[in-house]
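Down below is the structure, laid out as structure tokens.
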Amino acid sequence: MPIADDRLTPQQRRDRDVRRQALAAVLRAARTERGWTQAQLAERAGLSRHAILRLEAGTATISVDALFQIAAALGTTPSALLSAVEADPATAETLKP
């Protein structure tokens, strides 16, 4: 379950937003590379189009289950998606201790 915004420090909120935006970009790129609409990805992943919309907008968190479903729908693995997120320079900065 996500932590409420008021329980995060400003830096934690910034880091979370950077990570969400990086994941959004990875998901959007993977979907458009296949020529799919958000509705098509949602159907293949067993999720709502609204869930995909929010993930691609960077405004939602993703459960492990949903990550696996999306990865399977895209014909890849969750680790491949997360590796692409980690490769984003801004995200990499958020991972430093």
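The values are calculated or read from the model by the stated rules, or taken from the named source; none is laboratory data. Bear in mind the structure is a predicted one, so any value in this text is a computation, not a measurement. Reconstructed Cβ throughout: ideal geometry from the backbone, glycine too, with neighbour counts over all protein chains shown. When the accessible area is computed, the model is the full protein with side chains, heavy atoms only, and any ligands, DNA or RNA have been set aside. Shrake-Rupley method; radii C 1.70, N 1.55, O 1.52, S 1.80 Å.
Compare Arg54, Arg20, Arg28 in a GNM of the chain, Cα atoms joined below 10 Å, and give the one with the largest fluctuation.
In this elastic network of the chain, the residue with the biggest mean-square fluctuation among Arg54, Arg20, Arg28 is Arg54.
Carbon and sulfur together cover what percent of the accessible area of the range 1-41 at a 1.4 Å probe radius?
Within the range 1-41, the accessible surface is 53 percent carbon and sulfur.
Per residue, what accessible area does the chain have, given a 1.4 Å probe and all protein chains present, in Å²?
62
Provide the net charge surrounding Ala73, with neighbours chosen by a C-beta distance below 10 Å and charges set as Lys +1, Arg +1, Asp -1, Glu -1.
Residues near Ala73 contribute +2 overall.
Using the alpha carbon gyration tensor of the range 1-62, what are the three equivalent-ellipsoid semi-axes (square root of 5 times each eigenvalue), largest first, in whole Å?
Gyration-tensor ellipsoid for the range 1-62: 25, 13, 6 Å.
Given the options Gln40, Gln12, Gln21, which has the most mean-square fluctuation in a GNM of the chain, springs set between C-alpha atoms less than 10 angstrom apart?
Result for the chain, Cα springs under 10 Å: Gln12 fluctuates most.
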